[in-house]
Amino acid sequence: MIKTVSAINIEKAFGGKRVLCGVNIEAEMGKITGLLGPSGAGKTTLIKIFTGQLEADSGICRIKGKDIGALKKEDKRRFGIMADELGVYDRLSCYENLRIFARLYGLSKEDIQNALKNVGLENDGKTRADKLSKGMRCRLRLARALMIHPEILFLDEPTSGLDPTAAEKIHRLILDECARGTAVLLTTHNMAEAQKLCSSVSLLCDGRIVESGAPDDICRRHNSSRILRIHLSDGRDIELSQNEGAAESVAELIRTGKADSIHTSEPDLDAVFKELTGKELAI
Amino acid sequence: MKEISTVFLKQVKDTLGNKTVLIQFILFPVMAVIMQNAVNIPDMPDNFFVKLFSVMYIGMAPLTAMSAVISEEKEKNTLRALKMSGVSGIQYLIGTGTYVFIMCMAGTAVFAASGGFTGTELIRYFLIMSAGTIVSLILGGAVGISSANQMSAASVSVPVTMVLSFLPMLSNFNEKIKAAADYFYPQQISLLINGADADMKCIAVTMAEALIILGFFMISYRKRGLE
């Protein structure tokens with residue numbers, strides 16, 4: 001099966017410093033694939049390679065089975081890209097900002113209005129971009145990326161620096177777009193965001209993928225403590241090692257109605273990342 | 001063509017809110033109109049202020065506007081957004097350059113109206129101004145391309161424009177400055193506007209300088225593109 005987006009053994013160095021070392025990643029239609037890593041891990045570099053802004057030193061990068069280098073202008077027009085480094089025109093209104101790009105893509109005024117409506121900026125069409133809050137600017141950039149109804153959406157740190165409410169709005173828009181069948185490749189250093197949005201993630205550190213898979217699978221794979229945490233009805237918390245003895249104890253607690261809740265103790269992605277690399281994710 | 005016209009229209013809208021660039025197009029024509037009508041010194045040459053400010057305009061407006069627009073787009077990463085939407089570097093430069101040229105020609109029209117030029121004199125004036133504008137515009141493009149942001153663009157464009165704009169005027173007061181000014185195209189443009197006899201020499205110097213500036217522009221573009 002041809003993956004929508006695939007990178008095989010990508011290498012990239014800047015001035016002798018290796019930024020990506022043998023990176024492999026895939027993204028599929030209708031799924032959100034996350035690239036998770038701290039600042040400087042190489043996430044943005046990989047997005048730039050996928051979007052043709054940078055060339056990999058070696059390796060294969062394909063979009064819908066075609067090498068990146070062989071993509072035509074029309075192929076690239078099916079990408080939606082949202083990145084901090086793709087700015088908006090401060091002196092122009094939201095509508096005018098989108099109008100520029102709508103003209104380039106041959107879209108109508110209705111498409112612009114719909115794009116503004118989709119991101120909740122329909123009442124701010126005439127507002128200058130420099131008067132928007134950070135979250136609204138973020139939504140404007142997302143509107144620009146979504147306006148073209150992309151087949152593939154590249155999101156580079158889409159909620160970086162946003163408050164939880166603004167981030168939640170962006171999350172909803174991303175999930176809606178994914179439900180439409182768009183392949184989404186998202187970079188983030190926010191573990192909770194990756195866990196919430198992504199069907200699969202790759203953990204990137206110093207240019208290398210150190211782990212990949214579904215977020216829950218990764219956490220389960222790295223559950224070395226194998227402890228059950230039980231909250232009892234009398235308010236106490238107890239911990240049991242997961243062995244045959246524990247199974248009987250748990251069964252007894254359930255039978256007697258003494259257990260209020262039972263939790264396994266898988267680490268979160270942040271802990272897995274730290275375990276694998278010795279580094280914090282959110283730096 | 002769609003890409004070029006989009007960049008052009010974007011520039012028209014964006015500049016209306018950009019006082020720094022807008023003032024470049026307006027300042028000297030307005031000053032020329034005011035001074036030409038308000039100051040009357042005996043034995044002053046015909047259209048003295050129109051011709052003086054025309055040359056200053058050529059040395060300053062296209063260069064500053066072009067470098068400011070390009071460097072701002074680079075700094076704010078809007079140029080990257082355009083490029084990601086299929087606008088090539090050349091299309092962007094043509095769209096922006098066309099806009100700056102048309103604005104400068106609008107300023108030139110104000111100068112011409114203020115000077116009361118008609119017939120062949122008007123055509124000659126527009127041709128000279130067009131030539132000077134294009135040379136300055138290419139130089140401004142090269143400065144914009146070579147600069148990473150507005151600050152570094154201004155640190156180059158301000159001294160360059162000061163030299164180019166004021167050299168023809170200062171050459172009236174000092175023979176050594178005049179000798180040096182002869183090597184710069186604004187001085188030749190000034191001589192042409194003032195109806196000098198040495199037309200061929202003026203045109204040759206201007207063209208030679210245009211080629212050197214074009215070379216600088218191409219080297220800058222090849223080296224840095226619009227990154």
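The values are calculated or read from the model by the stated rules, or taken from the named source; none is laboratory data. Note that the coordinates shown come from a computational prediction; the quantities given were computed from them, not determined experimentally. When we count neighbours, we look across all protein chains shown, and the Cβ atoms used for this are built from the backbone with ideal geometry, even at glycine. These accessible areas exclude ligands, DNA and RNA; they are computed on the full protein's heavy atoms, side chains included. Shrake-Rupley method; radii C 1.70, N 1.55, O 1.52, S 1.80 Å.
The condition of being open to solvent by 20 Å² or more (accessible area, probe 1.4 Å) and within 30 Å of A:Gly80 (Cα to Cα) holds for only one of B:Lys51, B:Lys76, that being B:Lys76.
I'm trying to understand the selection: among the residues of region B:172-208, which are under 15 Å from the mean Cα position of the chain (by Cα), assigned to a helix (DSSP H, G or I) and within 21 Å of B:Phe49 (Cα to Cα)? Once the filter is applied, which keeps residues that are under 15 Å from the mean Cα position of the chain (by Cα), assigned to a helix (DSSP H, G or I) and within 21 Å of B:Phe49 (Cα to Cα), region B:172-208 yields B:Tyr185, B:Pro186, B:Gln187, B:Gln188, B:Ile189, B:Ser190. Exactly one residue among B:Met129, B:Met169 is surrounded by 15 or more Cβ atoms within 10 Å (Cβ to Cβ), more than 15 Å from the chain's Cα centre (by Cα), part of a helix (DSSP H, G or I) and in contact (Cβ under 8 Å) with a residue 60 or more places away in the chain, and that residue is B:Met169. Filtering region B:18-33 to residues that are within 14 Å of chain A (Cβ to nearest Cβ) and open to solvent by 30 Å² or more (accessible area, probe 1.4 Å) leaves B:Lys19, B:Thr20, B:Leu22. In the condition set (1) within 20 Å of B:Leu192 (Cα to Cα); (2) within 14 Å of chain A (Cβ to nearest Cβ), B:Arg80 is compliant with all but (1).
In region A:39-86, of all residues being crowded, with 21+ Cβ neighbours inside 10 Å and small (Gly, Ala, Ser), the one that is farthest from the other protein chains (Cβ to nearest Cβ) corresponds to A:Ala41. Scan region A:8-17 and tell me whether some residue there is open to solvent by less than 50 Å² (accessible area, probe 1.4 Å), within 14 Å of chain B (Cβ to nearest Cβ) and over 26 Å from B:Val69 (Cα atoms). No, region A:8-17 contains no residue that is open to solvent by less than 50 Å² (accessible area, probe 1.4 Å), within 14 Å of chain B (Cβ to nearest Cβ) and over 26 Å from B:Val69 (Cα atoms). Among all positions in region A:116-125, there is at least one residue which is of a type outside the set (D, E, K, R), part of a loop (DSSP other than H, G, I, E, B), away from chain B (no Cβ under 11 Å) and in contact with a Cys (Cβ under 8 Å, 6 or more places away or on another chain). Output the residues belonging to region A:196-224 that are open to solvent by less than 60 Å² (accessible area, probe 1.4 Å), in contact (Cβ under 8 Å) with a residue 40 or more places away in the chain and within 30 Å of A:Ala247 (Cα to Cα). Those that are open to solvent by less than 60 Å² (accessible area, probe 1.4 Å), in contact (Cβ under 8 Å) with a residue 40 or more places away in the chain and within 30 Å of A:Ala247 (Cα to Cα): A:Pro215, A:Ile218, A:Cys219, A:His222, A:Asn223.
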